[in-house]
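Here's the structure, in structure tokens; my notes come after.
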Amino acid sequence: MVVDWQLASTYVVLASTAHHQLSSTLAFGASTSAQPTTHTWQHPTLRRYKCKIDAAFSSQFNRTSIGICVRDSDSTFFFAKTVIYPCMVSIDVAEALGLHSALQWLSDMQMDGVDFETNLKLTSDAFLSTRNDTSEFGSIISSCRLLFSSFFSNFRVEFVRRQANAVAHAFAR
């Protein structure tokens, strides 16, 4: 697992470096005035944890994988986990399953002060909504809300762009 974390961290550094080089090229070599937007990982506030969640799919192996990565306010790797489902599901269901898996895992460890981040806006919006959805996705989100209300008092669920979620995606893959 530590080797996976190191590889994922290296991937993030390389991706950031490549993006920076591309940004510099675009900024100085192109005639456009628009600057590319950089989305980087943001530290959680002091004494909080950030839990990144992402899904990956393999049609070759007919599976859905969920990557979960937790870091502290110093950006220090804390925990990571990969959950594999032996079937293909839709993106929205996969991201909801990822949030549920992360909630269950961290509640089992009695962690609080966690900012959960998903890169599917639909997931964070559905979680924060009071709308009742009877679909498979909605049922998973309802279960997530129940876990939150039962085990967490100091938390957030937020949307983050995929570019800032590369480590969780690497674990999922």
note = Considering residues that are charged (D, E, K, R) and more than 23 Å from LEU97 (Cβ to Cβ), the number found within the stretch 62-80 is 2
ask   = Only one residue in SER101, SER124, SER107 is touching a residue at least 12 places away in the same chain (Cβ under 8 Å), surrounded by 15 or more Cβ atoms within 10 Å (Cβ to Cβ) and more than 17 Å from ALA55 (Cα to Cα). Which one?
value = SER107
message = Looking only at residues that are within 14 Å of the chain's Cα centre (by Cα) and hydroxyl-bearing (Ser, Thr, Tyr) in the stretch 82-111, which one is modelled with the highest pLDDT?
response = SER101
message = Residues that are in contact with a strand residue (DSSP E or B) (Cβ under 6 Å, 6 or more places away or on another chain) and either of a type in the set (Ser, Thr, Tyr) or part of a loop (DSSP other than H, G, I, E, B) (or both): does the stretch 101-109 have at least one?
response = yes
ask   = more than 25 Å from ARG47 (Cα to Cα) and either surrounded by fewer than 16 Cβ atoms within 10 Å (Cβ to Cβ) or at pLDDT 90 or above (or both), is that true of ARG162?
value = no
request  = Kindly indicate the residue of the stretch 47-65 that is among the hydroxyl-bearing types (Ser, Thr, Tyr) and surrounded by 18 or more Cβ atoms within 10 Å (Cβ to Cβ) and also farthest from PHE155 (Cα to Cα) among those meeting that condition.
outcome  = THR64
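The values are calculated or read from the model by the stated rules, or taken from the named source; none is laboratory data. Quick caveat, the model's predicted, so the values are computed rather than measured. As a convention, Cβ positions derive from the backbone with ideal geometry for all residues, glycine included, and neighbour counts pool all protein chains shown.
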